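> Have a look at this one.
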Protein chains: 2
Amino acid sequence: MGTRSTRPPQPTLEMVAADAGVSRATVSRVVNGSPKVRPEVVESVNAAIDRLNYVPNRAARSLASHQTQSVALVVPEDMTKFFGDPYFAAVVQGITNRLDESDYTLNLLVASSDPRHKTMRYLRSGNVDGALVISHHTGDDFVANLESTMPVVFGGRPTNHSGENNYFVDVDNIAGAISGVQHLIDLGRRRIGTITGPVDMPAGIDRLTGFHQALSQAGLEVAAIEHGDFTAAGAAAATRRLLANTPDIDALFVASDLMAVGTMGVLAEQGRMVPGDIAVVSFDDSPAATSGPISLTTVSQPSKEMGFTMADLLLRLLADDESVPHHNIMPTRLILRDSA
Amino acid sequence: MGTRSTRPPQPTLEMVAADAGVSRATVSRVVNGSPKVRPEVVESVNAAIDRLNYVPNRAARSLASHQTQSVALVVPEDMTKFFGDPYFAAVVQGITNRLDESDYTLNLLVASSDPRHKTMRYLRSGNVDGALVISHHTGDDFVANLESTMPVVFGGRPTNHSGENNYFVDVDNIAGAISGVQHLIDLGRRRIGTITGPVDMPAGIDRLTGFHQALSQAGLEVAAIEHGDFTAAGAAAATRRLLANTPDIDALFVASDLMAVGTMGVLAEQGRMVPGDIAVVSFDDSPAATSGPISLTTVSQPSKEMGFTMADLLLRLLADDESVPHHNIMPTRLILRDSA
DNA sequence: GTGATTGATGAGAGCGCTCTCACGCCCGGC
DNA sequence: GCCGGGCGTGAGAGCGCTCTCATCAATCAC
């Protein structure tokens with residue numbers, strides 16, 4: 001036990017009860033805000049709590065009540081990707097905003113490369129009452145069987161076909177992409193290419209689908225497609241390939257702001273003027289959209305609200321709310337700036 | 001209890017024991033890898049565990065053993081700042097790398113704005129065995145009394161004077177800054193300014209100190225100082241102020257890569273060539289250093305190793321290792337690229 | 001005044017695990 | 001053959017809390 005044993009022992013419910021001259025049960029009631037305790041008793045118990053600096057032991061509480069009052073945020077994603085993308089920051093922010101209103105705390109699990117096994121064990125050991133999952137690649141079914149254990153809300157439509165009855169919050173990526181590409185078309189651009197997101201992620205797939213739909217509706221051909229990976233570096237490489245293969249494009253739809261940053265760098269490097277030579281529309285409306293020299297016209301998705309909604313749904317699920325909607329699709333909005 | 005109650009109950013130690021035809025104690029021994037169990041018994045218990053798909057209940061284990069097998073990463077920082085900075089990504093990566101080798105799991109607490117109170121409660125409720133704290137502002141003493149409750153390792157020298165006997169891992173920011181500024185001087189630059197980090201953070205203070213020391217050693221005057229906040233946007237604003245007040249500088253020492261990104265943007269916007277007109281050296285050597293059009297000459301700090309070391313120290317502390325050094329200062333290295 | 005009712009409190013049985021201790025077995029020594 | 005010792009195992013007492021149920025006093029109706 002070591003270091004722990006040399007530290008002053010935490011006061012227990014029992015000690016507070018003794019100090020206040022009441023029973024354990026009464027202290028428990030006070031701690032949990034039960035209405036059926038006489039005000040003067042509440043007061044004396046609270047005084048004892050302050051006096052002893054008492055904090056309830058979570059393990060004991062959790063063991064007895066079968067609840068942990070905490071939820072997990074599972075990110076089956078590479079650590080650097082997770083941290084690098086402001087989109088995640090916004091989502092997490094939204095989540096914590098909602099959670100801060102409740103008594104639940106967040107457990108962040110970046111379950112990237114290594115031992116997903118370990119992550120699953122952690123989740124299944126009853127550490128959390130429910131889980132939030134974002135950035136769900138196709139094939140990441142390791143999260144799937146989680147749903148049999150606890151309520152789960154996905155951020156972004158999950159790709160496993162396993163069930164229509166899972167809960168998720170997503171933005172309308174297809175409609176968003178269409179609005180972005182349509183803007184390019186309205187601008188008179190005709191040789192429109194795209195840097196896609198990963199095609200094993202719904203967000204990547206849907207945005208590409210929207211790109212195709214917008215073009216075919218306008219009777220235009222796809223000028224060029226290169227696949228990116230939602231990172232700036234990956235997009236830079238993709239842009240180089242695209243420019244090498246199809247030098248004559250006049251517009252680019254890039255599937256995320258962060259990727260657009262990489263794209264803009266390559267464009268500048270190769271002397272292409274934006275939006276003069278090539279108009280650029282991206283997706284997300286994250287801080288990255290306005291951090292560069294040319295501010296990006298981008299399809300805004302309500303990331304923070306998404307996070308908030310995810311947390312809200314989960315909390316309602318945990319409270320046995322029967323009316324929680326399974327699918328929540330949030331709208332996007334085109335933000336006009338300098339790049340297109 | 002709600003949703004939980006409708007889900008299949010988790011198997012318990014007791015059930016495994018019954019299934020395997022042994023006692024609870026024996027199953028416990030097997031689960032915890034005790035050597036004093038007959039191999040054939042181990043095998044039959046493991047078979048039972050697999051059969052029932054048993055996972056130990058953490059609350060119960062924690063309650064009985066007074067250990068949680070998890071540690072907290074406390075970040076008294078704004079969420080967006082935390083996610084935006086690749087430095088943190090690297091540190092967290094290092095931490096998880098070390099933790100993955102152990103049985104401990106990480107609990108991330110971004111204890112920014114709101115209820116630090118809530119964070120403290122969480123920590124003090126016995127949720128974790130120890131804590132890692134990074135980005136510790138001056139005045140953030142809310143973490144200070146944590147140390148009386150559990151082992152704590154700081155990333156970056158803590159500013160509270162409260163004790164010399166706390167544990168921390170830091171880089172030699174002063175020496176690093178000196179090496180960066182010295183490089184500028186060696187390049188023949190004489191009008192050298194700086195964009196500092198927050199002066200309420202040791203990292204900000206120390207890098208500024210190094211800046212001063214290098215200049216005074218060379219007998220040079222400080223051309224200009226503007227304060228940044230370790231964000232790209234803040235640095236951009238600071239750079240504008242600096243350029244407005246002191247247009248004739250020929251070199252800039254920027255206290256972080258991320259800030260340098262903001263600075264480079266403003267420099268480009270105002271037509272200053274880098275490194276021709278103004279040479280730039282920054283600090284961190286994060287991915288941000290090479291993401292822009294001009295790669296940054298930067299003082300490399302071993303962020304990932306810092307994280308790894310922090311976790312390692314904490315784990316040793318938890319294992320009652322008496323020989324854990326209190327202060328761990330890691331060296332920096334100047335990386336020469338295009339900006340200076 | 002009696003019995004029924006309400007409301008605050010306490011007693012006590014777990015929650016699922018760990019850990020100490022005692023027990024029974026088999027071995028070797030004399 | 002007896003005893004001491006080791007080793008593997010089981011019994012059982014908690015860990016700090018929640019929650020049901022019983023208790024007891026005060027209130028009310030008649």
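> Quick one: with all protein chains in place, what share of the accessible area of the protein assembly as shown is carbon or sulfur, to the nearest percent (1.4 Å probe)?
53
> Continuing with the same structure: How large are Rg and Dmax for the range A:3-56 when only the alpha carbon atoms are used, in Å?
Taking only Cα atoms of the range A:3-56, I get Rg and Dmax of 11.8, 41 Å.
> Once each part is reduced to its C-alpha centroid, what is the distance from the range A:34-77 to the range A:205-245 in angstrom?
52
> Report, ordered by chain and residue number, the aspartates and glutamates lying within cross-link reach of residue B:304, taken as a straight Cα distance under 13 Å and ignoring same-chain residues fewer than 8 apart.
The reachable aspartates and glutamates, counting only those whose Cα sits under 13 Å from residue B:304, are B:170, B:284, B:285, B:312.
> At a probe radius of 1.4 Å, figure out the B/A buried accessible area, summed over both chains, and give it in Å² to the nearest 100.
So the total buried area for this chain pair works out to about 4800 Å².
> So what J values fall out for the range A:239-245 if you push phi through Karplus, 6.51 cos²θ - 1.76 cosθ + 1.60 with θ = phi - 60°, rounded to Hz, Gly and Pro as x?
After applying 6.51 cos²θ - 1.76 cosθ + 1.60, I find 5, 4, 4, 4, 5, 5, 7 Hz.
> Under 10 Å, Cα contacts only: if you run a Gaussian network model on chain B, which one of B:57, B:127, B:328 comes out with the highest mean-square fluctuation?
So, out of B:57, B:127, B:328, the one fluctuating most is B:57.
> If the reach is capped at under 21 angstrom between alpha carbons, list the lysines near residue B:118, excluding any in the same chain fewer than eight residues apart.
The qualifying lysines are B:81.
> Averaged per residue, what accessible area in Å² does chain B show with a 1.4 Å probe, protein chains only?
Roughly 41 Å² per residue, with all protein chains present.
> Limiting things to C-alpha atoms, what are the Rg and the maximum Cα-Cα separation (Dmax) for chain B, in angstroms?
25.4, 84
> Can you tell me how the protein assembly as shown classifies by the Cα gyration tensor, rounded, prolate or oblate, using a/c under 1.5 as the rounded cut?
oblate
> In whole Hz, with x marking every Gly and Pro, tabulate ³J(HN,Hα) for the range A:301-315 from phi via Karplus 6.51 cos²θ - 1.76 cosθ + 1.60, θ = phi - 60°.
Once rounded to whole Hz, the list reads 10, x, 4, 4, 4, 4, x, 4, 5, 4, 4, 4, 4, 4, 4.
> Normalised by the residues of chain B, what does the relative contact order come to in percent, with Cα pairs under 8 Å and at least six apart?
17
> Using amide H atoms built 1.01 Å from N in the peptide plane, name the residues 5+ places from residue B:227, or on other chains, whose amide H lies under 5 Å from its own.
HN-HN under 5 Å from residue B:227: B:196.
> Still on this structure: Considering the options B:46, B:278, B:227, tell which one lies farthest towards the positive end of the dipole of chain B, charges being +1 on Lys and Arg and -1 on Asp and Glu at the Cβ, about the Cα centre.
B:46
> Nearest 20 debye, what's the magnitude of the dipole of the protein assembly as shown about its Cα centre given +1 on Lys and Arg Cβ and -1 on Asp and Glu Cβ?
With Lys and Arg at +1 and Asp and Glu at -1, about 1140 debye.
> Continuing with this model, one more query. Lys and Arg at +1, Asp and Glu at -1: add these up for the other residues within a Cβ distance under 11 Å of residue A:286 and post the number.
-3
> Counting only protein heavy atoms, probe 1.4 Å: which residues of the range B:50-65 lose 30 Å² or more of accessible surface in the full assembly compared with their chain by itself?
Residues passing the criterion (a loss of at least 30 Å², heavy atoms only) are B:55, B:56, B:58, B:59, B:63.
The values are calculated or read from the model by the stated rules, or taken from the named source; none is laboratory data. Fair warning: this is a prediction, and the values are worked out from it, not measured in the lab. Note: ideal-geometry Cβ built from the backbone for every residue, glycine included; neighbour counts use all protein chains shown. Ligands, DNA and RNA are stripped out before the accessible areas are found, and what is left, the full protein with its side chains, is counted by its heavy atoms. Shrake-Rupley method; radii C 1.70, N 1.55, O 1.52, S 1.80 Å.
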